[in-house]
Amino acid sequence: MANTCPYCGTNLKKERDFFFCDFCDMNLPLDQIQKDGERIQINNREIISTYLNMTTPELMTFSTWELILLLREARKMRASLYKRKDELLQSFKLSTKKMYVIENILKVRLGYIPANLNKSFLNNYKKNIENPKYKEKMLIWEK
């Protein structure tokens, strides 16, 4: 089994604490290395509302799909808080700010902020993630 680049499928050179891809001209940490041309694997965690308490740098480690689901959760929470009275104003403000953080991370990644996170949008996005065409192994080119 050959160690290959997760981006281009090139056989990698082993360095001290990392691998190097000649084609991409980049160092790759051990946790990104693939075998025999396999493509990048994305593992998504189950989204729970307590993730909304995470810091912005922590949220930036989430996959785009996870952020879309978390934004949906933040919008639901914000909407429910909006319907209550003044004692929840602080919670509403915090939820709004967290929603803005997630929206802006997504804007950087997607180039826009998804307006409606309905079932149709989520199903289409997930269908694209799971498209078998993009799970096929890459061709490995020899020098």
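The values are calculated or read from the model by the stated rules, or taken from the named source; none is laboratory data. Bear in mind the structure is a predicted one, so any value in this text is a computation, not a measurement. Ideal geometry is used to build each Cβ from the backbone, glycine not excepted, and the neighbour counts take in all protein chains shown. SASA here: full protein model, heavy atoms, side chains in, ligands and nucleic acids out. Shrake-Rupley method; radii C 1.70, N 1.55, O 1.52, S 1.80 Å.
In table form, for the structure just shown:
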read-out	value
Some residue of the range 125-134 being surrounded by 12 or more Cβ atoms within 10 Å (Cβ to Cβ) and within 30 Å of LEU12 (Cβ to Cβ)	yes
Members of the range 1-17 that are open to solvent by 60 Å² or more (accessible area, probe 1.4 Å) and part of a strand (DSSP E or B)	LYS13, LYS14
Identity of the residue in the range 49-64, in a loop (DSSP other than H, G, I, E, B) and open to solvent by 80 Å² or more (accessible area, probe 1.4 Å), that ends up modelled with the lowest pLDDT	THR61
In the range 18-46, the residues that are in contact (Cβ under 8 Å) with a residue 12 or more places away in the chain, in a loop (DSSP other than H, G, I, E, B) and farther than 18 Å from THR61 by Cβ	PHE18, ASP22, PHE23, CYS24, ILE33, ASP36, GLY37, GLU38, ARG39
Residue in the range 67-86 that is part of a helix (DSSP H, G or I), of a type in the set (Phe, Trp, Tyr), farther than 30 Å from GLU142 by Cβ and free of Cβ contacts under 8 Å to residues at least 24 places away in the same chain present	yes
Any pair with Cβ under 8 angstrom, 6 or more apart, that starts in the range 123-143 at a residue that is assigned to a loop (DSSP other than H, G, I, E, B) and ends at one that is surrounded by 10 or more Cβ atoms within 10 Å (Cβ to Cβ) and of a type in the set (Ser, Thr, Tyr)	MET138/THR4; ILE140/THR4; ILE140/THR10; TRP141/THR10
